[in-house]
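Written below as structure tokens is the structure these notes are about.
The values are calculated or read from the model by the stated rules, or taken from the named source; none is laboratory data. Since this is a predicted model, take the numbers as computed values, not measurements. Here the Cβ positions follow ideal geometry from the backbone for every residue, glycine too, while neighbour counts run over all protein chains shown. Only protein heavy atoms, including side chains, enter the accessible area calculation; ligands, DNA and RNA are left aside. Shrake-Rupley method; radii C 1.70, N 1.55, O 1.52, S 1.80 Å.
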Amino acid sequence: MMKSQGYSLVESLTAVCVLCIIFIMAHNSFSDLFKRYQAYTLSNELYLLIAHARSYALTNHRSLTLCGSSNGEFCNNDWTSGALLFEDPDRDGVLDNYDAVIQFHQFNLKKANLTWKGFNGSKIIFESMGITYASNGTFTYCQLDKNPQYSRQVIINRGARARKSFDANGDGIHENSSGQPINCP
């Protein structure tokens, strides 16, 4: 009697079903990991960008403006696309011909947004002494699904010092400066 070499239809379907279940479980785990990584990375990038702007203003005795920009050529309050940092001697928050661009930092946000809410409107002005000009406020990062587990904030005080939000009570959700869970707009 001859033995057949190969797998039966039932065996093949069973193997495919098991692989599909493993793939679905891995996809959910990687999706969660990716969202956490993106939130962590963005809050670190913002924190370092603020520290750089503060240090540059203080070291070079220059007034700077940090604003949301989609292309690095003008301010349009589009923080989700990127941030534009430029010397701004007249402190008008507008990139003029005589203003020097220090840095354009693109944010690679996927399915998320970044907003700024501050006392000076849509931009942050750093004085030549390294402090802000009525520009204290908060960056809020949120996934488009508004899941609070992935929301983060970077809070800037009047002294231009930044701090990142954290999970104070251990429930997996970061709190804002008032100790309440971050509310996504």
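How tilted is helix 9-60 with respect to the longest principal axis of the chain? Cα atoms for both, answer in degrees (0 to 90, nearest 10).
Between helix and principal axis, roughly 10 degrees.
Tally Lys/Arg at +1 and Asp/Glu at -1 over every other residue whose Cβ is under 14 Å from the Cβ of residue 129; what's the total?
Computed value for this residue: +4.
Report the dimensions of the chain along its three principal axes from the alpha-carbon atoms, largest first, rounded to Å.
Principal-axis extents of the Cα atoms in the chain, largest first: 94, 40, 27 Å.
Pick out, from 101, 125, 140, the residue whose Cα sits farthest towards the positive end of the charge dipole of the range 99-150, with +1 on the Cβ of Lys and Arg and -1 on the Cβ of Asp and Glu.
Farthest towards the positive pole: 140.
So, counting K/R as plus one and D/E as minus one, what does the shell of residues with Cβ under 14 Å around residue 69 add up to?
It works out to a net charge of -3.
Would you kindly find the accessible area of residue 61, with a 1.4 Å probe and non-protein molecules such as ligands, DNA and RNA excluded, rounding to the nearest 10 Å²?
So the heavy atoms of residue 61 present about 140 Å² to solvent.
What do you reckon, how do 64, 9 stack up by accessible area (1.4 Å probe), largest on top?
9, 64
Give the accessible area for residue 45 in Å² (nearest 10); use a 1.4 Å probe, count only protein heavy atoms, and leave out ligands, DNA and RNA.
60
Considering only lysines 8 or more places apart in sequence, or on different chains, count the pairs in the chain whose C-alpha atoms sit under 18 Å apart.
Total qualifying Lys-Lys pairs in the chain comes to 8.
Just from its helices, what would the mean residue ellipticity at 222 nm be for the chain, if runs of 4 or more DSSP H residues each count -39500 (n - 2.57) and the sum is divided by every residue, rounded to the nearest 500 deg cm²/dmol?
Rounded to the nearest 500, it is -10500 deg cm²/dmol.
Please tell me the relative contact order of the chain in percent, rounded to the nearest whole number, where contacts are Cα pairs under 8 Å and at least six residues apart. Please report the intermediate quantities before stating the final value.
Numbers: 348 pairs, mean separation 30.3, N = 185.
With pairs under 8 Å counted, the relative contact order is 16 percent.
Test of the criteria: in the range 94-127, which trypsin sites (Lys or Arg not before Pro) are in a DSSP loop and have at most 12 other Cβ atoms within 10 angstrom of their Cβ?
110, 111
Would you work out which of 112, 151, 47 lies farthest towards the positive end of the dipole of the chain, given +1 charges on the beta-carbon of Lys and Arg and -1 on that of Asp and Glu, about the Cα centre?
Ranked along the dipole, the leading option is 151.
Just how large is the dipole of the chain about the Cα centre, in debye to the nearest 20, putting +1 at every Lys and Arg Cβ and -1 at every Asp and Glu Cβ?
480
Can you give the net charge of the other residues whose Cβ lies under 12 Å from the Cβ of residue 83, counting K and R as +1 and D and E as -1?
Net charge around residue 83: -1.
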